[in-house]
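Here is the structure we will look at, set down as structure tokens.
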Amino acid sequence: MTKQEFDKYIKNVDESKKELAASWAIGIGLQQVDRLNVSEYLLDLAKRNIEGEISIAEVKRLIDEYYDKRCPSRKYRYRSTYTRIPNDSKLCYTRLRGTKMKNIPYIDLHCHLDGSITLDIARKLAALQNIELPADDAELEAKLSVPESCESLNEFLECFALPCSLMQTIEGITESVHLVQEKMKGQGIAYLELRFAPQKHCDKGLTQKQVIDAALAGLKMSDLHTNLILCLMRDKGNEKENMETIELAKEYLVKDGGVVAVDLAGAEALFPTADFASPFAKAKEYGIPFTIHAGEADGAGSVHTALDFGAKRIGHGVRTKEDTALLEYIIKNQIPLEMCPNSNRQTKSVDDMSKYPIWEYLAKGVKVTINTDDPAICRTTIAKEFKYLEDKFGITAADEKIMLLNATDAAFTDAATKAALKKAIESAF
Ligand code: ADE
Ligand code: ZN
């Protein structure tokens, strides 16, 4: 039963029966009034309890079984709490989640600049450069975000044409980096790794070097702690451009406060990871850390190849589980996965989101991190990504803390930054 279905259902439940709904409070989310924030299985149990089908004791037993199955390791073991419904019949749900949660220092390690151009940012960039955009907001918004009907990553990637066209000049690039950082800061991000492919910003004659310089100028305009990742592109005939990006990454590489790594983005199903051995051999030779989009639109073999190249992290990696030995490898070697749930839902990286392997990965000890991928294209924010996981899968505050600590470990930054982030996370939870 989905949350929407449950909301509809509960409206028609007799007030006298609502006391039974105390069972919903077992183990779920932050303190809320008249608002449910639970996974679909638990909503089913709540309904069965209200209908008199199962007792509260049985609900508790099934919930414990549910968590035990998904979280066999002690670290994730669920401890149930029980909250009574106040007499005024307002529904109240409490669990292990304090009021400090408001200032969570979110970390986004996987965020594309061209996927972060929201309607307001697009209008500012267009005005700055005298570019005409559709006057109607709804029409423009539709051009800047993915349609619900999206069937694949290939289709998803078509949405990037318009935002890219607004970032073909030095001022367009500088200002976009600045505005995206400010937006992310406003959404609670404490540390951001922003990625872009310099070669996608050369349509009007800029060189890749000018593009990187323009982005670095933008970086200085915001006080949000941000590092840059330079993307190579999956394509044919752009070998020279990809190699140039590697050479520039070598030239610009710093431990923090600028270019910190490289990546491979684009259509994974059309251009297999194996075709990009040369640039990543160079990156390895130069000691440039890299992550690679893999196991998103292609299978576990793609993740395997990325790790063979020497990737330190994997972008998405949702399909890693298709190969048990590979899954064991990434657990043993603590290879971080940059997971992006709503993007994965929209690109149909998994055909059925109820099978999204978030619990499986967490329970087995995979180093999962949660990210936005393309906040404007996906119409998301980092807080919405966590909320989605809470609603759909019953992910808890304790899980969220673990994923943020994972992101700190995985970040391409220096030890001092990691220590400061860890301290902020510890005090938030
Ligand atoms: N570029 C922007 N978003 C991407 C994604 N999810 N996969 C590959 N390339 C991308
Ligand atoms: Zn991505």
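The values are calculated or read from the model by the stated rules, or taken from the named source; none is laboratory data. If you're wondering where the values come from, they're calculated on a predicted model, not measured in any experiment. Reconstructed Cβ throughout: ideal geometry from the backbone, glycine too, with neighbour counts over all protein chains shown.
Brief remarks on what is shown
- Of the residues making up the stretch 381-403, those that are over 17 Å from residue 349 (Cα atoms) and either within 14 Å of ligand 1 (Cβ to nearest atom) or among the aromatic types (Phe, Trp, Tyr) (or both) number 2.
- Options 295, 301; residue that is buried (at least 18 other Cβ atoms within 10 Å of the Cβ), small (Gly, Ala, Ser) and within 22 Å of residue 347 (Cα to Cα): 295
- Test result for residue 274, buried (at least 17 other Cβ atoms within 10 Å of the Cβ), at pLDDT 95 or above and either more than 16 Å from ligand 2 (Cβ to nearest atom) or outside any helix (DSSP H, G or I) (or both): no
- Note on the stretch 155-190: residues that are within 16 Å of ligand 2 (Cβ to nearest atom) and under 12 Å from residue 201 (Cβ atoms) total 3.
So that you can scan it fast, the table gives a plain yes or no per residue for (1) within 14 Å of ligand 2 (Cβ to nearest atom); (2) closer than 20 Å to residue 356 by Cα; (3) among the aliphatic types (A, V, I, L, M):
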site: 285; (1), (2), (3): no, no, no
site: 288; (1), (2), (3): no, no, yes
site: 303; (1), (2), (3): no, yes, yes
site: 309; (1), (2), (3): no, no, no
site: 316; (1), (2), (3): yes, yes, no
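- Checking each residue in the stretch 310-355 for being touching a strand residue (DSSP E or B) at 6+ places or on another chain (Cβ under 9 Å), more than 15 Å from ligand 1 (Cβ to nearest atom) and closer than 14 Å to residue 295 by Cα picks out 320, 330, 335, 336.
Quick grid of which residues meet (1) among the basic types (Lys, Arg); (2) over 15 Å from the mean Cα position of the chain (by Cα); (3) outside the structural domain of residue 229 (by TED's automatic domain parsing); (4) outside any helix (DSSP H, G or I):
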position	(1), (2), (3), (4)
378	no, no, no, yes
388	no, no, no, no
398	no, yes, no, no
405	no, no, no, no
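- One residue stands out among those in the stretch 304-361 that are part of a strand (DSSP E or B) and of a type in the set (A, V, I, L, M, F, W, C): the one that is nearest to residue 158 (Cα to Cα), which is 339.
- One residue from 193, 296, 268 being part of a strand (DSSP E or B), within 16 Å of ligand 1 (Cβ to nearest atom) and either modelled with pLDDT of 95 or more or under 27 Å from residue 152 (Cα atoms) (or both): 193
- First in the stretch 393-415 and among the β-branched types (Val, Ile, Thr), second anywhere and assigned to a helix (DSSP H, G or I), Cβ under 6 Å, 6 or more apart: 395/389; 408/418; 408/421; 408/422
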